[in-house]
Amino acid sequence: MSTVDPILQHSSTPALHFVRLRLFFMSGTGNTLRVAHWLAEQARPRRLAVEIRDVEGARSSPLPRPERGDLLGVLMPTHAFTAPWPVLRFALGVPLGRGASAFVVATRGALKFGHVNLPGLEGTGLYLIALLLVLKGWRVRGVVAVDMPSNWTACHSAQAPWKVADIIGRARPKAEGFFGAVLDGRLHFRLGSFIGLALGLLLAPVSLGYLLLGRFYLARLFFANEDCTGCGLCADHCPFGVLKMRGRPPRPYWTWACESCMRCMSFCPERAIEAGHSWAVLLFYLAHLPLMAWLFGALTHVTGFVTPTSPWTLFWTKYSLQLLALAMTYAGFWWLIRLRLLNRLFTWTTGTHWYRRYHEPETTLAELVGKGKRVGEGRRSDGVLE
Ligand SMILES: Cc1cc2nc3c(=O)[nH]c(=O)nc-3n(C[C@H](O)[C@H](O)[C@H](O)COP(=O)(O)O)c2cc1C
């Protein structure tokens, strides 16, 4: 283990014995990665060895068991008022903390209307991850939600550059204030985070619905418009490796585990990736009503399957059929929009065609680790950034 800075060693606060900072992040469009870099910059003058890693990288090269002086940071965007599934999976898989220190940061989507700031809402995300860490024996020293510009450009246009700059300018001191407290050995749990939790608990059905179904449904809205050149940049840099180039000429196909992180849409050099709004309406009716009813009927007919009396069995049966119906409908759509006329129809009837795209202004695609074929220059395939 590296030697401890003598100045830190003589400090009376035990938390100043931190010698290694491990930051694990998920980031679609760079907001969360930017916050991770701010924290890293703050840690270096204190002589902490810093490692920044993508949560997906931890699947192939797991986090080692913590040693004395380790500080773990889990950083994530908020999705549907809670933690995104890959971060939940990461927290479930972390090794036992054995009393080592950790903290949790959620970036959330802030909007600016004129000069009025509308903060995001992290909901249950922070405390859910904190709870999982505590259950695994980590000492959680603080949690914080940091407002960054909203990146949900499937829903709304990105904000004007001056608004983006303003939001990011306010975010940095908040993140640094929080981290300074953690490094100084102070606990950091503010009233705001408890209010966020309370609202998140009220909105828990939305979060649960999103985790179970919503994210699969939203992932089925993406398609490439006619400007797509088939370059494959989106597939190469998908953080979860779920985007595949298929067909001739190759076009991106969004497979199962897409998290709607918005990276593909935000960084496409041709602005060719859309989230179909008119298609969303059609998909809902096609997949949820006739196709699902037909699948249910077919299942009953072919297997002699009796409608389950147990509500749980019925729920899981319907749930599986719904996912299957979504996948089948999307596969059909994906082939059909290769027809120029249909592609144009869906392109011109989605708001995203006119929306501004967003990614954190200083973040380049090469900085964001992809799980596709080519990983961004200078990055290791296990996701270690430094
Ligand atoms: C699918 C999706 C759902 C989101 N849900 C929320 C939310 O519930 N609350 C919130 O404040 N921001 C929400 N956002 C905004 C992001 O959490 C926010 O912009 C975050 O900083 C993005 O970080 P990243 O660039 O590191 O991915 C959502 C964004 C997406 C794409």
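Please state which one of F103, F81 is closer than 21 Å to L213 by Cβ and either touching a Gly at 6+ places or on another chain (Cβ under 6 Å) or crowded, with 17+ Cβ neighbours inside 10 Å (or both).
Numbers: F103 fails: closer than 21 Å to L213 by Cβ.
Exactly one residue qualifies, and that residue is F81.
Checked against (1) at pLDDT below 95; (2) surrounded by 13 or more Cβ atoms within 10 Å (Cβ to Cβ); (3) more than 30 Å from A165 (Cα to Cα), N343 passes all but a single condition, namely (1).
Condition check: over 19 Å from the mean Cα position of the chain (by Cα) and either assigned by TED's automatic domain parsing to the domain that holds D70 or away from the ligand (no atom under 15 Å from the Cβ) (or both). Does L135 satisfy that? Judged against the criteria, L135 is a match.
Contact map, the stretch 113-136: first residue in contact (Cβ under 8 Å) with a residue 24 or more places away in the chain, second residue among the basic types (K, R) and surrounded by 21 or more Cβ atoms within 10 Å (Cβ to Cβ), Cβ cut-off under 8 Å, separation 6 or more or different chains; pairs are P119/R108; G120/R108; L121/R108; E122/R108. Among the residues of the stretch 9-60 satisfying the criterion of being farther than 18 Å from F103 by Cβ and part of a helix (DSSP H, G or I), which is modelled with the lowest pLDDT? Per the criteria, the residue is Q9.
Going by the structure shown, is R98 more than 14 Å from the ligand (Cβ to nearest atom), in a loop (DSSP other than H, G, I, E, B) and either farther than 16 Å from V146 by Cα or assigned by TED's automatic domain parsing to the domain that holds R34 (or both)?
Values: more than 14 Å from the ligand (Cβ to nearest atom): yes; in a loop (DSSP other than H, G, I, E, B): yes; either farther than 16 Å from V146 by Cα or assigned by TED's automatic domain parsing to the domain that holds R34 (or both): yes.
Yes.
Scanning the stretch 294-340 for residues that are at pLDDT below 85 and of a type in the set (K, R) returns a single hit, K318.
Can you pull out the residues in the stretch 255-284 that are outside any helix (DSSP H, G or I) and farther than 16 Å from T347 by Cβ?
Restricting attention to the stretch 255-284, the residues satisfying the condition of being outside any helix (DSSP H, G or I) are 255-262, 268-276.
Those that are outside any helix (DSSP H, G or I) and farther than 16 Å from T347 by Cβ: T255, W256, A257, C258, E259, S260, C261, M262, P269.
Here is the figure for the stretch 141-163: residues that are away from the ligand (no atom under 11 Å from the Cβ), under 19 Å from the mean Cα position of the chain (by Cα) and not in a strand (DSSP E or B) total 1.
The values are calculated or read from the model by the stated rules, or taken from the named source; none is laboratory data. As the structure is a prediction and not an experimental result, all values here were calculated from the model. With ideal geometry, Cβ positions are generated from the backbone for all residues, glycine too; neighbour counts draw on all protein chains shown.
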